[in-house]
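Heads up, the thing below is written out as structure tokens.
The values are calculated or read from the model by the stated rules, or taken from the named source; none is laboratory data. Just so it is clear, the structure is predicted and the values come from calculations on it, not from any experiment. Using ideal geometry, Cβ is built from the backbone for each residue, glycine included, and neighbour counts are taken over all protein chains shown.
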Protein chains: 10
Amino acid sequence: MSVTAVVLIKARTDQINELAQVLSNIHGVTDVYSVAGRYDLVAIVQAQRNEDLAQIISVDMHKAAGIVDSETLIAFRTFRNDDVHAGFALGQND
Amino acid sequence: MSVTAVVLIKARTDQINELAQVLSNIHGVTDVYSVAGRYDLVAIVQAQRNEDLAQIISVDMHKAAGIVDSETLIAFRTFRNDDVHAGFALGQND
Amino acid sequence: MSVTAVVLIKARTDQINELAQVLSNIHGVTDVYSVAGRYDLVAIVQAQRNEDLAQIISVDMHKAAGIVDSETLIAFRTFRNDDVHAGFALGQND
Amino acid sequence: MSVTAVVLIKARTDQINELAQVLSNIHGVTDVYSVAGRYDLVAIVQAQRNEDLAQIISVDMHKAAGIVDSETLIAFRTFRNDDVHAGFALGQND
Amino acid sequence: MSVTAVVLIKARTDQINELAQVLSNIHGVTDVYSVAGRYDLVAIVQAQRNEDLAQIISVDMHKAAGIVDSETLIAFRTFRNDDVHAGFALGQND
Amino acid sequence: MSVTAVVLIKARTDQINELAQVLSNIHGVTDVYSVAGRYDLVAIVQAQRNEDLAQIISVDMHKAAGIVDSETLIAFRTFRNDDVHAGFALGQND
Amino acid sequence: MSVTAVVLIKARTDQINELAQVLSNIHGVTDVYSVAGRYDLVAIVQAQRNEDLAQIISVDMHKAAGIVDSETLIAFRTFRNDDVHAGFALGQND
Amino acid sequence: MSVTAVVLIKARTDQINELAQVLSNIHGVTDVYSVAGRYDLVAIVQAQRNEDLAQIISVDMHKAAGIVDSETLIAFRTFRNDDVHAGFALGQND
Amino acid sequence: MSVTAVVLIKARTDQINELAQVLSNIHGVTDVYSVAGRYDLVAIVQAQRNEDLAQIISVDMHKAAGIVDSETLIAFRTFRNDDVHAGFALGQND
Amino acid sequence: MSVTAVVLIKARTDQINELAQVLSNIHGVTDVYSVAGRYDLVAIVQAQRNEDLAQIISVDMHKAAGIVDSETLIAFRTFRNDDVHAGFALGQND
């Protein structure tokens, strides 16, 4: 995969957990965080091209019930902590 | 590790890549995305307790030069896409 | 209890006192202030884990009628004034 | 004591813990929370009259280094969870 | 009377004069200004205690038709121009 | 006097009381409230014409130290509670 | 005429030209500009007293269909470019 | 002249009248209003082409001391109240 | 063509691609970008006069379904990169 | 080229034309519009990959003097008006 986006989501309060569960099963969505503060959910999305991100975010994700508003931050580049990710092969639980 | 935070960062424009590199090497920071839009960087941070997040974000990360403003979203819960993460042991490249 | 949150709430004006009363009886909610200014109510919530805060705030509290919008500030840490709290055993009235 | 205020504080990032410690020792300040999100600290203040709140917040608290901005929400009324506060005499740990 | 509040009100445009008239007759409301700019009405309210302000503002005033939004600024203290108010006994017209 | 304005003022925190005292002695300023919330002071100003308000607010008041920002709401009309103001001649205390 | 106001108007997009036409025929409204940017229309209004501006803006203008929101800026004073207005001929006073 | 702009200006408070006077003498500026509310001055500017507006606003007007911030609203079209402007005499076209 | 505008558009999420397609076929609209971030679409519009821009943007474009809000930035002037545009005759693909 | 971005720029007022000229000569920048309204300049940027956009925008463009703030909208997709662009080979002037 070659492009990544961070999607900041405001959701209907009574559907946050269900929505997060649904979103996390969509192809291209790798992680969804339910968070406290200015937003309700943060989703990490990966795809081949920017245009594919649009398909996943505007079409696939918005079919799920409960999204009130969202703002997409397309990543220029990803910087990973190698110490952390070296351990992924061994099975990391969080 | 038991708590996660998403940190939205505004940075000095001429230091974004250097800052992202430095942040991604801090213990507890797992990923840093340089992004287009309302923020400049998004960092994913993991720690044992909320109090440890404060130490990583307010002390360790803010020692790096270039952070203008930041807002921390502590995660209530993380929802992972099992299809994606099952593949991590095999070596995922992005 | 191990984690604390401050919840800033905007409420329907005609239901503020009733809502405050209901919220203050929810398990995990310790104090509710009806306030003047940018928000209508401020609730202090305590739980075992961040995930439990989500249950109390997004599910239990939002079952009460009258919440228009809310924003949760999860505490990294609590600093108590020992002089004040030493007196709690003797019965403090406010 | 007869009036209560919730003070929302933005602070200089490198001084949050020290500031919280100093504020929590000021007469009239009962609790200070360092928080994630739109604000950095939330302080609960109690006094005899509104005018005394001004003295504590605008004079005593602002002598401490590190406050960038603050907004005071004066409480109309406090609603306590009796189940929680009944237990205070017995020693509550958080 | 011992506490004062300034209430900033946004109102439905077609009801501003009628609303101002109604509000100015409520016990505890001393003056109402219809104004140009960010707000539509400014009301000065006086009461015995902060809790009484809540009753007047959230209950009595909000029974009047036409308030869209309001924000209450509780006064810490009032500073009067003695030259002006000395003349009040003689009958001031504005 | 024929025109009235409500001036919402943000002030330097360490000078609020001194500033309020100075402002309340300016010719044309009738009352100054130090308040909690989005603003620090609210001043009521009266003059003959709109142009005179500009002189009082932009020139006379801004000579005082401590005003950071201000916004003037010129009154279209004033609605007084006759019950309250009938009592002014007898000596009202707040 | 002795007082002037600049009214910034947000309008329903499909009615901007019709609304501008209607507003420009109201007694007291001298010019209406349909504009690009944060607002849709800017109207210049002149009247005898501030109270008359309220009548024109809140009552007469708001009877027209299509105003979504408006904010009135009452002029303290008008400064005309004499070179321009010298060409206007017989002498207009405001 | 064929294009018109409304320029909303925030100015340094102690220079508003002087600034308004200077701006109103610039070629292309027809009227300047010192106003109460969210802005300090409103200038009406006329020129041949949009590009000429840029010269007047960004270069000529900004040479004057005291402008803190400004936002230009270019007019799509001007609607004049013919009753008012009939009194202007020989016929001005914009 | 002599005047240009950049139109920033918020759209209904489920209609972004269809809306972009429709807008890009309107006479006067040269390019439409579906974008990530604070807005959903950016349209470049060219016309003879400012008044014609109003017709294209407020009438022709708003007939398309899905525009929630829009803000027009009229160009003072266009600066083209000659290296890029020299190549247009040869067929540039993006 | 495969990715496009729209960059919204706030600039120092006295340098807008010079800045626009400099930016329009940077490799990857195709068009720069000086505009009226909430922003001062809008730049269209094209590159091979998102990461290359970061280099052009954060490094190359920010070396130019006069940028105060900027926000990048990465395009998911570009929709061109074929009628317009068919004419490009023949030499279009604006």
Just the residues that are at the interface with chain A (Cβ under 8 Å from one of its Cβ atoms), β-branched (Val, Ile, Thr) and closer than 21 Å to J:Met61 by Cα, please, taken from the stretch B:1-48. B:Val35
Taking the stretch F:52-66, which residues are more than 21 Å from G:Glu71 (Cβ to Cβ) and at the interface with another protein chain (Cβ under 8 Å from one of its Cβ atoms)? F:Val59, F:His62
Would the stretch H:50-68 turn up any residue that is touching a residue at least 12 places away in the same chain (Cβ under 8 Å), assigned to a strand (DSSP E or B) and touching a Ser or Thr at 6+ places or on another chain (Cβ under 7 Å)? no
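Quick one: which residue in I:Lys10, I:Lys63 is of a type in the set (D, E, K, R), within 21 Å of G:Gln15 (Cβ to Cβ) and at pLDDT 95 or above? Quick ask: steps written out before the conclusion?
Numbers: I:Lys63 fails: at pLDDT 95 or above.
Answer to the selection: I:Lys10.
Let's see how each residue does on (1) aliphatic (A, V, I, L, M); (2) at pLDDT 95 or above:
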position: G:Ala20; (1), (2): yes, yes
position: G:Ile26; (1), (2): yes, yes
position: G:Tyr33; (1), (2): no, yes
position: G:Gly37; (1), (2): no, yes
position: G:Gln46; (1), (2): no, yes
position: G:Ile74; (1), (2): yes, yes
position: G:Phe79; (1), (2): no, yes
position: G:Asp82; (1), (2): no, no
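If you scan the stretch I:32-43, which residues turn out to be farther than 15 Å from I:Val3 by Cα and either assigned to a strand (DSSP E or B) or under 10 Å from the mean Cα position of the chain (by Cα) (or both)? Write out each step before concluding.
Of the stretch I:32-43, the ones farther than 15 Å from I:Val3 by Cα are I:32-42.
The answer is I:Val32, I:Tyr33, I:Ser34, I:Val35, I:Leu41, I:Val42.
Would you check if there is a residue in the stretch D:28-37 being surrounded by fewer than 17 Cβ atoms within 10 Å (Cβ to Cβ) and of a type outside the set (S, T, N, Q)?
Taking the stretch D:28-37 and keeping what is surrounded by fewer than 17 Cβ atoms within 10 Å (Cβ to Cβ), we get none.
No: the stretch D:28-37 contains no residue that is surrounded by fewer than 17 Cβ atoms within 10 Å (Cβ to Cβ) and of a type outside the set (S, T, N, Q).
Quick one: which residue in G:Asp83, G:Asp40, G:Asp31 is at negative phi, among the acidic types (Asp, Glu) and out of contact with any strand residue (DSSP E or B) (no Cβ under 6 Å at 6 or more places or on another chain)?
Criteria check complete, one pass: G:Asp83.
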Determine which member of the set H:Ala64, H:Ala43, H:Ala20, H:Ala47 is crowded, with 19+ Cβ neighbours inside 10 Å, of a type outside the set (Ser, Thr, Tyr) and over 23 Å from G:Ala20 (Cα atoms). H:Ala20
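Could we say that G:Leu8 is within 20 Å of H:Val35 (Cα to Cα), out of contact with any Lys or Arg (no Cβ under 7 Å at 6 or more places or on another chain) and assigned to a strand (DSSP E or B) here? Don't jump to the end; show me each part of the working.
On the way: within 20 Å of H:Val35 (Cα to Cα): yes; out of contact with any Lys or Arg (no Cβ under 7 Å at 6 or more places or on another chain): yes; assigned to a strand (DSSP E or B): yes.
In short, yes.
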